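Trainee: Pasting a structure below so you can have a look.
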Amino acid sequence: MTMAKPKYELILLKNMLQPGYTGSLADYERAGGYQALRKILGKVAPAEVTAMVTKSGLRGRGGAGFPAGIKWGFLPKDYQGPKYLCCNADESEPGTFKDRQLMERDPHQVLEGIAIACYAIGAETAYIYIRGEFVLGAKILEKAIAEARAAGYLGKNVLGAGVTIDVWVHRGAGAYICGEETALLESLEGKRGLPRVKPPFPATAGLYGKPTVINNVETLANLPHIITRGPEWFASIGSPPKSTGMRIFCVSGHVKRPGNYEVPMGITCRDLIFEHAGGMRSDKPLKAIIPGGASASFFTPEHLDVKLDFESVAQAGSMLGSGGVTVMEEGTSMVWAALRLMEFFHHESCGKCSPCREGSSWLVQTLRRIVNKRGRMQDLETLTDLCQNIAGRTVCAFGDAEVAPILSTLKYWRHEYEELIRTAEANGSSELLMPAAARH
Amino acid sequence: MLREKYKAEIDEILSRYPLRRSALLPLLYLAQKEEGYVTEAAMKEIASILKITPPQVYETVTFYTMLNLRPVGKFHIQVCKSLMCALVGSDTLLGWLEVRLGIKPGNTTKDGLFTLSKVECLAACGTGPMMQINDDYYERLTEEKVDRILADLKRDGTSSLKSGPFMWPERTDG
């Protein structure tokens with residue numbers, strides 16, 4: 001399966017789509033690589049680089065969508081000690097697989113972004129925290145780092161400008177939560193990946209208690225282009241002023257052509273699914289869409305014309321998140337889908353906060369009973385009640401994330417839950433969830 | 001043991017971090033590469049290298065699913081069972097592997113060759129169903145492909161069907 005001719009001028013995937021492009025340093029340089037770093041190092045003040053990124057409107061591509069330049073601006077101004085950049089390459093949000101492609105196919109684009117960010121925030125050390133399963137990605141990055149170091153783009157005295165930028169690859173070891181920025185820091189410090197209570201924010205007390213910026217792979221990969229072509233150019237793409245630039249959407253599920261598609265922010269769900277991803281894989285019509293990774297609320301076919309930008313998706317009751325768009329066809333049980341996602345969240349709950357640790361287990365049990373046609377009508381109240389007692393009551397955003405699939409499927413497909421339960425009641429197979437002693 | 005065999009590698013790992021404990025995951029990977037799983041002796045040795053206590057090592061090991069506290073087969077097959085893969089047939093894939101290997105997830109074949117596990121999302125949602133075997137990804141799987149992979153691994157210890165640098169959809173060269 002191959003890519004149809006793109007409708008838009010691509011930015012991040014442009015190089016790798018050139019025939020014969022291998023992602024080597026020579027290939028990257030031929031495509032204009034490291035020119036952005038040359039342009040700024042020792043010539044443009046770090047604060048000005050930050051101002052450019054702020055002006056471009058670039059927002060985080062990892063999930064939260066926080067403006068990158070403003071995040072950098074939170075670092076203490078006159079701090080003299082070490083600062084750190086962490087590249088979040090954990091890519092753990094189900095439905096998301098873009099960072100893997102960016103790292104494995106054009107690693108120097110990511111490294112140049114890292115070097116630019118390091119220069120802007122005054123960090124001499126960057127760690128790429130990559131999910132442990134990406135063994136190939138880690139190897140490719142390490143090779144690229146060695147190439148860049150030998151060519152003077154990384155290491156001591158980068159490009160003769162007297163700046164040090166050391167980059168290390170640090171592999172995680174299988175934990176979704178380590179994509180959460182403070183859990184990532186804990187993990188990088190050699191501990192269990194438990195999110196920290198904020199404040200203090202990483203900008204003031206991050207890695208080893210030092211000022212730290214954590215940016216996603218795709219966010220960083222945009223930086224060379226913003227520097228080379230200017231913030232105004234970047235800010236004119238997509239849905240200005242709040243959602244600027246291109247976005248790599250990862251389309252999965254029941255479409256003809258799943259995969260990564262780089263498009264301007266603000267195209268509609270319909271355009272992405274039917275134009276780019278080729279539409280539904282069979283004659284079964286579309287039933288549900290998850291627009292931004294497993295943590296995002298489900299959409300229905302009525303949302304097909306929602307624009308895929310931060311504001312529009314939020315207004316429609318979900319979130320753009322990590323860019324993972326999952327499409328489901330008619331015939332897919334929404335209760336089953338919610339259960340599959342909930343099993344994921346239950347497995348990945350780090351255990352720090354009781355509402356999430358205990359609640360996720362309880363939610364899985366309740367959903368499983370309903371799916372197995374052993375539920376009771378009261379279970380729907382239990383589900384809602386549990387969700388309301390998890391969301392907003394945990395240290396990190398995981399609590400809000402895990403309830404989104406359940407609450408949104410309950411909202412749009414409550415009849416499917418009820419149908420399964422009615423079958424259970426008719427069969428006399430309804431079960432009590434809690435052991436007798438725990439009931440009132 | 002690790003210290004003698006991998007002295008240069010350990011020193012290089014330690015040099016990346018201002019605080020020693022950060023080297024914990026890299027050293028655990030080294031230990032796992034050596035023995036196939038993380039042994040108690042390795043945990044104690046790593047604790048002494050990093051100047052932390054063995055329980056501090058153990059509490060970290062138990063948090064991460066990729067670190068094995070028990071031996072696994074020569075080939076550790078991990079099938080993604082999360083929603084995106086399940087939508088395109090991961091349950092069928094898992095069933096096929098169970099039949100072919102004659103084991104349920106969580107078990108190892110009698111000859112010690114294959115351990116079967118079902119795991120959560122491995123970030124290959126556009127190319128499911130998929131599995132990871134040791135360091136390699138295998139994507140867009142079918143029953144025929146799985147059979148070939150198992151035969152390749154048994155015969156050669158490796159399979160040409162493993163994924164290379166990822167791009168999907170693929171580009172048109174030429």
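Trainee: If I ask for residues that are away from every other protein chain (no Cβ under 13 Å), of a type in the set (A, V, I, L, M), open to solvent by less than 40 Å² (accessible area, probe 1.4 Å) and touching a residue at least 40 places away in the same chain (Cβ under 8 Å), which ones from the stretch A:192-218 would you list?
Mentor: A:Ala203, A:Val213, A:Ile214, listed by residue number.
Trainee: Which condition number does A:Cys250 fail, the rest of (1) out of contact with any Leu (no Cβ under 9 Å at 6 or more places or on another chain); (2) hydrophobic (A, V, I, L, M, F, W, C); (3) outside the structural domain of A:Ala294 (by TED's automatic domain parsing) being met?
Mentor: Among (1) out of contact with any Leu (no Cβ under 9 Å at 6 or more places or on another chain); (2) hydrophobic (A, V, I, L, M, F, W, C); (3) outside the structural domain of A:Ala294 (by TED's automatic domain parsing), A:Cys250 violates only (3).
Trainee: Among the residues of the stretch A:126-146, is any assigned to a helix (DSSP H, G or I) and within 26 Å of A:Ala51 (Cβ to Cβ)?
Mentor: Step one: filter the stretch A:126-146 for residues assigned to a helix (DSSP H, G or I), giving A:135-146.
Now restrict to residues that are within 26 Å of A:Ala51 (Cβ to Cβ): none.
Looking through the stretch A:126-146, none of the residues is assigned to a helix (DSSP H, G or I) and within 26 Å of A:Ala51 (Cβ to Cβ).
Trainee: Could you tell me which residue of the stretch B:65-80 is nearest to B:Arg155 (Cα to Cα), considering only residues that are within 8 Å of chain A (Cβ to nearest Cβ) and open to solvent by 30 Å² or more (accessible area, probe 1.4 Å)?
Mentor: B:Met66
Residue by residue, here is whether (1) assigned to a strand (DSSP E or B); (2) in contact with an Asp or Glu (Cβ under 9 Å, 6 or more places away or on another chain) holds:
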{"residue": "B:Val57", "(1), (2)": "no, no"}
{"residue": "B:Met66", "(1), (2)": "no, yes"}
{"residue": "B:Val72", "(1), (2)": "no, no"}
{"residue": "B:Gln78", "(1), (2)": "yes, yes"}
{"residue": "B:Met84", "(1), (2)": "no, no"}
{"residue": "B:Thr92", "(1), (2)": "no, yes"}
{"residue": "B:Leu97", "(1), (2)": "no, no"}
{"residue": "B:Arg100", "(1), (2)": "no, yes"}
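Trainee: Identify, by number, the condition in (1) of a type outside the set (Ser, Thr, Tyr); (2) assigned to a helix (DSSP H, G or I); (3) at the interface with chain B (Cβ under 9 Å from one of its Cβ atoms) that A:Cys356 doesn't meet.
Mentor: With (1) of a type outside the set (Ser, Thr, Tyr); (2) assigned to a helix (DSSP H, G or I); (3) at the interface with chain B (Cβ under 9 Å from one of its Cβ atoms) applied to A:Cys356, the lone miss is (3).
Trainee: Need a quick list: helices (runs of 4 or more DSSP H) entirely within the stretch A:12-125 having at least 2 residues that are more than 11 Å from chain B (Cβ to nearest Cβ).
Mentor: A:25-30, A:35-40, A:46-56, A:68-73, A:107-121
Trainee: Do any strands (runs of 3 or more DSSP E) lying entirely in the stretch B:107-174 carry at least 1 residues that are assigned by TED's automatic domain parsing to the domain that holds B:Ser82, surrounded by fewer than 22 Cβ atoms within 10 Å (Cβ to Cβ) and of a type in the set (S, T, N, Q), and which ones are they?
Mentor: On the way: elements: B:114-119, B:131-133, B:136-138.
The qualifying strands (runs of 3 or more DSSP E) are B:114-119.
Trainee: Taking the stretch A:410-439, which residues are touching a helix residue (DSSP H, G or I) at 6+ places or on another chain (Cβ under 7 Å) and either in a helix (DSSP H, G or I) or modelled with pLDDT under 95 (or both)?
Mentor: A:Leu410, A:Glu416, A:Tyr417, A:Leu420, A:Ile421, A:Ser430, A:Glu431, A:Leu433
Trainee: State whether the residues of the stretch B:5-13 include one that is part of a loop (DSSP other than H, G, I, E, B) and at the interface with another protein chain (Cβ under 10 Å from one of its Cβ atoms).
Mentor: Within the stretch B:5-13, none of the residues are part of a loop (DSSP other than H, G, I, E, B) and at the interface with another protein chain (Cβ under 10 Å from one of its Cβ atoms).
Trainee: Only one residue in A:Leu12, A:Leu25 is in contact with a strand residue (DSSP E or B) (Cβ under 7 Å, 6 or more places away or on another chain) and within 17 Å of A:Ala144 (Cβ to Cβ), so which one is that?
Mentor: A:Leu12
Trainee: Something else now. Would a scan of the stretch B:47-58 turn up a residue that is without any contact (Cβ under 8 Å) to a residue 40 or more places away in the chain and within 20 Å of the chain's Cα centre (by Cα)?
Mentor: Yes, the stretch B:47-58 contains a residue that is without any contact (Cβ under 8 Å) to a residue 40 or more places away in the chain and within 20 Å of the chain's Cα centre (by Cα).
Trainee: May I pose another question? From B:Gly89, B:Gly102, which residue is small (Gly, Ala, Ser), in the same structural domain as B:Leu150 (by TED's automatic domain parsing) and closer than 30 Å to A:Gly95 by Cα? Write out each step before concluding.
Mentor: Numbers: B:Gly102 fails: closer than 30 Å to A:Gly95 by Cα.
After applying the criteria, what remains is B:Gly89.
Trainee: Still on this structure: Where residues in the stretch A:26-66 are among the β-branched types (Val, Ile, Thr) and under 30 Å from A:Ser318 (Cβ atoms), which of them is least open to solvent (accessible area, probe 1.4 Å)?
Mentor: A:Val53
Trainee: Separate question: Kindly provide the set of residues from the stretch A:366-384 that are open to solvent by less than 10 Å² (accessible area, probe 1.4 Å) and either touching a His at 6+ places or on another chain (Cβ under 9 Å) or not small (Gly, Ala, Ser) (or both), ordered by number.
Mentor: Applying the first criterion (open to solvent by less than 10 Å² (accessible area, probe 1.4 Å)) to the stretch A:366-384 yields A:366-367, A:370, A:375, A:379-380, A:383.
Within the stretch A:366-384, A:Thr366, A:Leu367, A:Ile370, A:Asp379, A:Leu380, A:Leu383 qualify.
Trainee: Additional query: For the stretch A:149-159, what are the residues that are in contact (Cβ under 8 Å) with a residue 40 or more places away in the chain and over 29 Å from the mean Cα position of the chain (by Cα)?
Mentor: Residues satisfying the conditions are A:Ala151, A:Val158, A:Leu159.
Trainee: Further, regarding this structure: Would you confirm whether or not the stretch A:12-25 contains a residue that is open to solvent by 60 Å² or more (accessible area, probe 1.4 Å) and at positive phi?
Mentor: No, the stretch A:12-25 contains no residue that is open to solvent by 60 Å² or more (accessible area, probe 1.4 Å) and at positive phi.
Trainee: Next up: Does A:Leu341 satisfy being over 22 Å from B:Pro169 (Cα atoms), out of contact with any strand residue (DSSP E or B) (no Cβ under 7 Å at 6 or more places or on another chain), within 12 Å of another protein chain (Cβ to nearest Cβ) and not charged (D, E, K, R)?
Mentor: Judged against the criteria, A:Leu341 is a match.
Trainee: Out of all the residues in the stretch B:81-96, which are surrounded by fewer than 22 Cβ atoms within 10 Å (Cβ to Cβ) and farther than 20 Å from A:Met342 by Cβ?
Mentor: B:Gly89, B:Thr92, B:Gly95, B:Trp96
Trainee: Looking at the stretch B:27-42 only, could you name the residues that are assigned to a helix (DSSP H, G or I) and either buried (at least 22 other Cβ atoms within 10 Å of the Cβ) or among the small types (Gly, Ala, Ser) (or both)?
Mentor: Correct list: B:Leu27, B:Leu28, B:Ala31, B:Ala41, B:Ala42.
Trainee: Further, regarding this structure: Go through the stretch A:80-103 and give me each residue that's farther than 21 Å from B:Arg16 by Cβ and either at pLDDT below 95 or open to solvent by less than 10 Å² (accessible area, probe 1.4 Å) (or both).
Mentor: Of everything in the stretch A:80-103, those that are farther than 21 Å from B:Arg16 by Cβ and either at pLDDT below 95 or open to solvent by less than 10 Å² (accessible area, probe 1.4 Å) (or both) turn out to be A:Gln80, A:Pro94, A:Gly95, A:Thr96, A:Phe97, A:Lys98, A:Asp99, A:Arg100, A:Gln101, A:Leu102.
Trainee: Are any of the residues in the stretch A:291-303 more than 10 Å from chain B (Cβ to nearest Cβ), part of a helix (DSSP H, G or I) and surrounded by fewer than 17 Cβ atoms within 10 Å (Cβ to Cβ)?
Mentor: So far as the stretch A:291-303 goes, yes, one or more of its residues are more than 10 Å from chain B (Cβ to nearest Cβ), part of a helix (DSSP H, G or I) and surrounded by fewer than 17 Cβ atoms within 10 Å (Cβ to Cβ).
Trainee: Now for a different question. Is it the case, given these coordinates, that A:Tyr8 is of a type in the set (Phe, Trp, Tyr) and closer than 29 Å to A:Gly279 by Cα?
Mentor: Working: of a type in the set (Phe, Trp, Tyr): yes; closer than 29 Å to A:Gly279 by Cα: yes.
Judged against the criteria, A:Tyr8 is a match.
Trainee: Among the residues of the stretch A:343-351, are any charged (D, E, K, R), within 24 Å of the chain's Cα centre (by Cα) and in the same structural domain as A:Pro405 (by TED's automatic domain parsing)? Steps first, please.
Mentor: Kept after step one, since they are charged (D, E, K, R), are these residues of the stretch A:343-351: A:343, A:348.
If we keep only those that are within 24 Å of the chain's Cα centre (by Cα) as well, we get A:343, A:348.
Still in the list and also in the same structural domain as A:Pro405 (by TED's automatic domain parsing): A:343, A:348.
For the stretch A:343-351, residues charged (D, E, K, R), within 24 Å of the chain's Cα centre (by Cα) and in the same structural domain as A:Pro405 (by TED's automatic domain parsing): present.
Trainee: Sort out which residues of the stretch A:179-203 are more than 22 Å from A:Leu75 (Cα to Cα) and not basic (Lys, Arg), and write them in order of number.
Mentor: Those that are more than 22 Å from A:Leu75 (Cα to Cα) and not basic (Lys, Arg): A:Gly190, A:Gly193, A:Leu194.
The values are calculated or read from the model by the stated rules, or taken from the named source; none is laboratory data. Quick caveat: nothing in here was measured; it's all calculated off a predicted structure. With ideal geometry, Cβ positions are generated from the backbone for all residues, glycine too; neighbour counts draw on all protein chains shown. For the accessible areas, the whole protein counts, side chains as well, though only heavy atoms, and no ligand, DNA or RNA atoms are used. Shrake-Rupley method; radii C 1.70, N 1.55, O 1.52, S 1.80 Å.
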